[in-house]
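Chemist: Just passing along the structure, written as structure tokens.
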Amino acid sequence: GGDWRGALEVFEMLARSKLKSDTTVFAAAIGACKEGGKWESALQLFNMMGQRKLQFNMMTFSAVIGACVKAGESEMARKLSSMMAQHKLELDTIHSAALMETYARSVEWELAMQLLSVMLRSNATVARNVFNAAISACGYCGQWQHSVHLFRQMVRDKVKPGIESFGAVISSCEKEGEWENAMYFFRELPQSKLEANTITFNSSISACGKGGEWKVAFELFKEMEHSRVEQNTITYTALVSACEKAAEWVQAVEFFRMMKQSKLEANSHTFSALSSACEKGGEWKKALQLFREMERSRVELDMIAY
């Protein structure tokens with residue numbers, strides 16, 4: 001991983017020698033370029049493979065596409081992904097998952113969907129982590145409907161969803177304020193013999209807040225307490241934000257007080273939501289007091305707070 005220069009040096013030595021470099025050697029060299037941020041070198045090596053009529057495999061495509069995505073060369077990554085779709089590759093789980101993770105981190109949801117489509121058409125075994133990454137990739141781009149579709153596809157294909165799968169689809173719904181869909185999947189957890197964790201609770205609370213359902217968010221919070229699931233700054237910030245959207249400034253202040261009692265530190269998002277709630281309630285003095293408290297706490301003021 002880290003010694004990419006050394007890997008390239010070995011490749012160059014092999015290239016100068018009379019030894020024949022095979023697909024595995026090229027894949028390793030392309031992977032080294034990816035780690036070193038040398039996407040053009042990765043592409044050059046990939047093209048060299050074609051000139052030598054070497055067989056491309058999932059490892060080489062994963063490495064060269066990953067190098068392009070990492071460098072922000074989305075257009076080239078799309079071209080290579082289309083090229084990959086045309087090859088009849090053996091879609092192994094390890095490299096497919098790695099490529100899907102790359103797409104997810106780079107919010108390339110269309111590429112993620114394209115890869116998954118190729119895998120399903122080829123009757124390849126699609127592992128849970130591949131589905132999870134695809135669901136996340138769609139969620140990051142606001143494509144919550146695709147996330148839901150992929151989750152259901154996962155179930156149809158008899159791939160058992162894990163807590164990460166539920167977390168990904170609930171988070172996708174949360175980002176777009178689809179609180180009813182988020183709650184549907186949250187309530188499905190027990191049927192899958194899974195227990196809600198901090199992430200799934202927080203996402204569901206936030207989704208309800210965005211949907212204007214602060215009371216439902218509060219019920220989830222109480223359920224979280226009853227289940228003894230760890231609450232954190234994100235939990236309370238989501239509650240305060242839910243109250244802010246519903247113009248319930250008194251409740252927002254109460255949740256902030258509870259947060260302080262729990263000895264959790266507020267962040268700029270907490271203070272922003274709280275001050276906004278007070279302003280909506282006509283409590284300008286309270287909002288000003290919060291600004292002063294924020295300054296004393298040395299919380300970095302963001303543009304939202306202003």
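The values are calculated or read from the model by the stated rules, or taken from the named source; none is laboratory data. As the structure is a prediction and not an experimental result, all values here were calculated from the model. Every residue, glycine as well, gets a Cβ built from its backbone with ideal geometry; the counts of neighbours run over all protein chains shown. Heavy atoms of the whole protein, side chains included, go into the accessibility calculation; ligands, DNA and RNA do not. Shrake-Rupley method; radii C 1.70, N 1.55, O 1.52, S 1.80 Å.
Chemist: Just name the residue that is farthest from Ala238 (Cα to Cα) out of those in the stretch 249-276 that are open to solvent by 70 Å² or more (accessible area, probe 1.4 Å) and not in a helix (DSSP H, G or I).
Modeler: Lys263
Chemist: Within the set of pairs 6+ apart or on separate chains, which have a first residue in the stretch 243-262 that is within 20 Å of Lys210 (Cβ to Cβ), a second that is at pLDDT 90 or above and open to solvent by 20 Å² or more (accessible area, probe 1.4 Å), and C-beta atoms under 6 Å apart?
Modeler: Cys243/Trp214; Cys243/Gln251; Lys245/Gly212; Ala246/Gly212; Ala246/Trp214; Glu248/Trp214; Ala252/Glu244
Chemist: In addition: I'd like the full set of residues that are of a type outside the set (S, T, N, Q) and part of a loop (DSSP other than H, G, I, E, B), limited to the stretch 188-226.
Modeler: Across the stretch 188-226, the qualifying residues are Leu189, Lys193, Leu194, Glu195, Ala196, Gly211, Gly212, Glu213.
Chemist: Here's a check for you: in the stretch 157-171, which residue that is β-branched (Val, Ile, Thr) and open to solvent by 20 Å² or more (accessible area, probe 1.4 Å) is farthest from Asn232 (Cα to Cα)?
Modeler: Val159
Chemist: Same structure again: Do we find a residue being modelled with pLDDT under 85 and under 23 Å from Ala127 (Cβ atoms) anywhere in the stretch 28-47?
Modeler: Checked the stretch 28-47: at least one residue is modelled with pLDDT under 85 and under 23 Å from Ala127 (Cβ atoms).
Listed here are the residues, each with its yes/no results for (1) among the hydroxyl-bearing types (Ser, Thr, Tyr); (2) surrounded by fewer than 24 Cβ atoms within 10 Å (Cβ to Cβ); (3) more than 25 Å from Met113 (Cβ to Cβ); (4) without any contact (Cβ under 8 Å) to a residue 40 or more places away in the chain.
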site: Ser136; (1), (2), (3), (4): yes, no, no, yes
site: Gly142; (1), (2), (3), (4): no, yes, no, yes
site: Cys173; (1), (2), (3), (4): no, no, no, yes
site: Ala182; (1), (2), (3), (4): no, no, no, yes
site: Pro190; (1), (2), (3), (4): no, yes, yes, yes
site: Ala207; (1), (2), (3), (4): no, no, no, yes
site: Glu219; (1), (2), (3), (4): no, yes, yes, yes
site: Glu223; (1), (2), (3), (4): no, yes, yes, yes
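Chemist: Considering only the stretch 227-248, state which residues are in a helix (DSSP H, G or I), under 19 Å from Leu264 (Cα atoms) and either aliphatic (A, V, I, L, M) or open to solvent by 60 Å² or more (accessible area, probe 1.4 Å) (or both).
Modeler: Scanning the stretch 227-248 gives Ile234, Ala238, Leu239, Val240, Ala242.
Chemist: Please go through (1) modelled with pLDDT of 95 or more; (2) more than 16 Å from the chain's Cα centre (by Cα) for Val169 and return the number of the only condition it doesn't satisfy.
Modeler: If we test Val169 against (1) modelled with pLDDT of 95 or more; (2) more than 16 Å from the chain's Cα centre (by Cα), just (2) comes out false.
Chemist: Condition (residue is of a type in the set (S, T, N, Q) and closer than 22 Å to Leu111 by Cα) applied to the stretch 170-186: is it met by at least one residue?
Modeler: Yes: the stretch 170-186 contains one or more residues that are of a type in the set (S, T, N, Q) and closer than 22 Å to Leu111 by Cα.
Chemist: Kindly indicate the residue of the stretch 25-70 that is open to solvent by less than 40 Å² (accessible area, probe 1.4 Å) and not in a helix (DSSP H, G or I) and also farthest from Tyr103 (Cα to Cα) among those meeting that condition.
Modeler: Leu54
Chemist: Name the residues in the stretch 77-95 that are within 19 Å of Thr24 (Cα to Cα), modelled with pLDDT of 75 or more and surrounded by 15 or more Cβ atoms within 10 Å (Cβ to Cβ), would you?
Modeler: Let us first name the residues in the stretch 77-95 that are within 19 Å of Thr24 (Cα to Cα), namely 80, 84, 87-95.
Cutting the leftovers down to modelled with pLDDT of 75 or more gives us 80, 84, 87.
Within the stretch 77-95, Leu80, Met84 meet the criteria.
Chemist: Could I ask something else about it? For the structure I just gave you, tell me whether Pro161 is closer than 30 Å to Ala85 by Cβ, more than 15 Å from the chain's Cα centre (by Cα) and of a type outside the set (D, E, K, R).
Modeler: yes
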